[in-house]
Amino acid sequence: MSRVLIIGAGGVGGVVAHKCANDRDTFSEVVLASRTLSRCENIQRQVRELRDREIEIAQVDADDVAQTVTLIKRVQPALLINVALPYQDLPLMDACLEAGVDYLDTANYEPPDEAKFEYQWQWAYQERFQARGIMALLGSGFDPGVTNVFCAYAQKELFDEIDSIDILDCNGGDHGHPFATNFNPEINIREITQRGRYWENGEWVEIDPMSQSRTFDFPEVGERKAYLLYHEELESLVKHIDGLKRIRFWMTFGEEYLTHLRVLQNVGMTSIDPIEYEGREIVPLQFLKAMLPDPSTLGENYTGKTSIGCLIEGRKNGEHRKAFIYNVCDHEESWKEVRAQAVSYTTGVPTMVGAKMMLTDQWRGSGVFNVEQLDPEPFLEELAVRGLPWHVKEL
Ligand code: NDP
């Protein structure tokens, strides 16, 4: 029985609130705090209507460590769940250190003025978290998150040696808008427009953005063209999966999406460098975010499915093995259950499951951990029960 403090009332925060509220045995009290109180109120109302449960809400600016520390001291949570934005990771880790509370997030820290997608800043908290006797769990969403746990499970159960991993992320859904991003537009567009990168034979190979693509046959979605991107879980998996020779990340995009993105890039709207406009400094990408549909509003008419997994090759008992470990999630089902689209759902469910692993001491330690460093089995068991069943397909 534990109280949790969720920070961030966006698309993912809503799912985490619903899912925690649904498991009364583990989450005895749920407190949701965010920068804009009205977004917390909306989620509070939904949870009351759909789950018949009261959650507490609060306003906080998570960039301000002192404000968060005051909130933590009032709420006294066993765990702080960060589903605000990657910019808040370090201030929230600082607040957890000061207050002596465990921490969990779904995305690595991003410096506001430079797209990096690196763990170095958060890994640097290792000694401080150890010395304080508290735990930080990094990247407990879907990718990073479930995909890392799939890799850990493959290493533990399915393979004696792993040669290569291809993480394949397909959103085969349709939200009906000409252009929208499925999670925070600023982070999403930063991720896609940076140079591509993968790891092979002990070194990183860099490629031009979106310059390599391949068609994969995704379970329950069909054939889709996917593009090689750099994604943050590659950095931690290279460290934690033994003997790996190559790891890459692929994501599908439709032609319509890519055309819009190309135009926006060409006119400078995806830039994070501030410009002066009518005497004010604005960041073009932040302005674009304000114009695009809010990801948390996409769910209502979303149809289709996400199909995401890890294609892994290696050996078991001296024999070559190739297996795909994956999950398929339906946008309409997600909407019915928690009023969210499947991208928020597939992120929010593993967030709740990671939180449960920590609160029940199935995942425990002092210091900073990526999810693949912990036992994959209890996590995967719980994941299937909480709405994301997963499968292994031999190829
Ligand atoms: P949204 O933009 O929908 O929500 C973010 C929320 O954080 C908003 O409610 C926002 O408040 C709040 N917030 C922003 N800044 C602050 C602040 N300074 N203090 C308090 N609250 C703040 O994003 P998503 O819900 O789509 O994504 C949430 C996180 O999940 C992101 O970090 C994203 O990168 C990550 N993610 C991870 C995935 C994975 O698989 N690992 C997949 C998808 C997302 P306001 O409403 O006031 O702006």
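Nothing in this text is a laboratory measurement; each read-out follows from the coordinates by a stated rule. Just so we're clear, the structure is a prediction, and the values are computed from it rather than from any experiment. So basically every Cβ, Gly included, is an ideal-geometry build from the backbone, and we count neighbours across all protein chains shown.
Calculate the FRET efficiency for Arg315 and Ser38 from the Cβ-Cβ distance with a Förster distance of 51 Å, rounded to the nearest 0.05.
Working: r = 55 Å, r/R0 = 1.07.
The formula returns an efficiency of 0.40 here.
How high is the relative contact order of the chain, in percent, counting Cα pairs under 8 Å that sit 6 or more residues apart? Let's see the in-between values first.
Numbers: 853 pairs, mean separation 81.1, N = 395.
Dividing the mean separation by the residue count of the chain yields 21 percent.
Applying the Karplus parametrisation 6.51 cos²θ - 1.76 cosθ + 1.60 with θ = phi - 60° to the phi angles of region 343-351, what ³J(HN,Hα) value in whole Hz is obtained for each residue in order, glycine and proline being reported as x?
Rounded to whole hertz, the list is 5, 5, 5, 5, 8, x, 5, x, 5.
Can you give the relative contact order of region 172-327 as a percent, counting alpha carbon pairs under 8 Å and 6+ residues apart? Mind showing how you got there, number by number?
Details: 221 pairs, mean separation 41.3, N = 156.
Taking the mean separation of contacting Cα pairs over the length of region 172-327, I get 26 percent.
Give me the dipole magnitude in Debye, nearest 20, for region 86-127 about the Cα centre, with unit charges on the beta carbon: positive for Lys and Arg, negative for Asp and Glu.
Details: 1 positive and 10 negative charges, 13 e Å.
Result for region 86-127 is approximately 60 debye, rounded to the nearest 20.
Given a cut-off of under 8 Å on Cα pairs at least six residues apart, what relative contact order in percent is computed for region 118-217? Can you show the working numbers first?
Values: 32 pairs, mean separation 10.9, N = 100.
Once normalised by length, the contact order is 11 percent.
What 222 nm value per residue comes from the helices of the chain, counting each DSSP H run with n ≥ 4 as -39,500 (n - 2.57) and dividing by all residues, nearest 500 deg cm²/dmol? Display every interim value, and only then the final one.
Values: 14 runs with 141 residues, N = 395.
Estimated from H runs of four or more residues: -10500 deg cm²/dmol.
Sticking with the crude label model, points 7 Å out along Cα→Cβ, report the distance from Asp52 to Asp361 in nm, one decimal please.
So the two model labels end up 3.3 nm from each other.
Whole-Hz ³J(HN,Hα) for each residue in region 20-35, computed from phi via Karplus 6.51 cos²θ - 1.76 cosθ + 1.60 with θ = phi - 60°, x for glycine and proline: what do you get?
Those phi angles translate into 5, 4, 6, 10, 5, 5, 8, 9, 5, 9, 10, 10, 10, 10, 7, 5 Hz.
Enumerate the amide H contacts of Lys316 below 5 Å, restricted to partners 5 or more residues apart or on another chain; note that Pro and chain-start residues carry no placed amide H.
Asp160, Arg321
Using only the Cα atoms of the chain, build the gyration tensor, take square roots of its eigenvalues as a ≥ b ≥ c, and label the shape rounded, prolate or oblate: rounded if a/c is under 1.5, else prolate if a/b is larger than b/c, else oblate. Please report the intermediate quantities before stating the final value.
Values: a/c = 1.34, a/b = 1.11, b/c = 1.21.
Rounded, because the longest to shortest axis ratio a/c is under 1.5.
Considering only DSSP beta bridges where both residues belong to the chain, give the percentage that are antiparallel (nearest 5).
Values: 48 of 79 bridges.
Taking every DSSP beta bridge with both residues in the chain, the antiparallel ones total about 60 percent.
Assign one of three labels to region 203-349, namely rounded, prolate or oblate, based on the Cα gyration tensor with a ≥ b ≥ c the square roots of its eigenvalues; rounded applies when a/c is under 1.5, prolate when it is not and a/b is larger than b/c, and oblate otherwise.
Working: a/c = 2.21, a/b = 1.41, b/c = 1.56.
Verdict is oblate for region 203-349.
How would His231, His331 line up from fewest to most surrounding beta-carbon atoms within 10 angstrom?
Values: His231 23, His331 28.
Exposure proxy ranking, most exposed first: His231, His331.
Which order do Trp335, Trp204, Trp250 fall in if you start with the one that has the fewest other Cβ atoms within 10 Å? Please report the intermediate quantities before stating the final value.
Numbers: Trp335 19, Trp204 12, Trp250 22.
Least crowded to most crowded, the residues run Trp204, Trp335, Trp250.
Calculate one ³J(HN,Hα) per residue across region 313-329 by plugging θ = phi - 60° into the Karplus curve 6.51 cos²θ - 1.76 cosθ + 1.60, and present them in order as whole Hz with x for glycine and proline.
My calculation for region 313-329 gives 10, x, 9, 9, 6, x, 9, 5, 9, 9, 9, 10, 9, 8, 9, 10, 10 Hz in order.
Nearest 20 debye, what's the magnitude of the dipole of the chain about its Cα centre given +1 on Lys and Arg Cβ and -1 on Asp and Glu Cβ? Present the calculation step by step, with values, prior to reporting the outcome.
Details: 39 positive and 63 negative charges, 105 e Å.
Rounded to the nearest 20 debye, it is 500 debye.
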